[in-house]
């Protein structure tokens, strides 16, 4: 049996050698070049095959990382509704020390401080403050602060939408490059020329998704985080409003 298998292997090798020898010279050269290029394939080669659109995707990835770090810094309870400031403002407003509460807001700027400043300015500048107008003033400033918090996260959504489209543009360029080689001169349509265009198409598409998918995940996370912080800001603003109205009722 071993002799039979041995003769079969020799026969197969002989057939393969005969087939390679029967190939045209340009096909043999292309096959050798393809094997060499595959052996040399590296990340640098992959990036180079992607073309100039890889630079655009790289910049978008860096911008995504910068936004993530920025949102991690600003979308915090300590940055939106600091608990020490919240307690201090409620205590001072209930005690009737409105000017000191205003100074505390100026020293520690935050969305909560901005809403409280608007309310305090209304109380100080109006002879007979109206509770409903005071509530409307605070709601207006609160809506502006909420939009500032939630609106910034949409930049990640923009990147998540644009990055795959950039990758798709690279796909179109790569396919045009591949088919142009066939259309211009069939003799020059070597496998490596076609592979270069297809490589650009696949590489840019893959990198576009690699940038877009994490950006979409981060957007979903920070959107939810911003919504939670806005809810906490609303609750803290209600405490401020209650403190102001209770003091007003005591004076009356």
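At-a-glance table
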quantity	calculated
Residues within the range 119-135 that are under 40 Å from the mean Cα position of the chain (by Cα) and farther than 17 Å from residue 230 by Cα, tallied	6
Odd one out for residue 38 among (1) at pLDDT 90 or above; (2) surrounded by fewer than 12 Cβ atoms within 10 Å (Cβ to Cβ)	(1)
Residue 174 vs. criteria modelled with pLDDT under 90, surrounded by 16 or more Cβ atoms within 10 Å (Cβ to Cβ) and over 25 Å from residue 66 (Cβ atoms)	yes
Positions within the range 100-118 being over 33 Å from the mean Cα position of the chain (by Cα) and under 17 Å from residue 242 (Cα atoms), in sequence order	101, 102, 117, 118
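For every residue, the table says whether it meets (1) in contact with a helix residue (DSSP H, G or I) (Cβ under 8 Å, 6 or more places away or on another chain); (2) surrounded by fewer than 20 Cβ atoms within 10 Å (Cβ to Cβ).
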| site | (1), (2) |
| --- | --- |
| 106 | yes, yes |
| 109 | no, yes |
| 116 | yes, no |
| 128 | no, yes |
| 135 | yes, yes |
| 141 | yes, yes |
| 149 | yes, no |
| 152 | yes, yes |
| 158 | no, yes |
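Residue by residue, here is whether (1) part of a helix (DSSP H, G or I); (2) within 30 Å of residue 158 (Cα to Cα); (3) at pLDDT below 85; (4) within 33 Å of the chain's Cα centre (by Cα) holds:
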| position | (1), (2), (3), (4) |
| --- | --- |
| 12 | yes, no, yes, no |
| 70 | yes, yes, no, yes |
| 90 | yes, no, no, no |
| 93 | yes, no, no, no |
| 96 | no, no, yes, no |
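The values are calculated or read from the model by the stated rules, or taken from the named source; none is laboratory data. These numbers come from a predicted model, not from an experiment. Please note: Cβ atoms are built from the backbone with ideal geometry, for glycine as well, and neighbour counts cover all protein chains shown.
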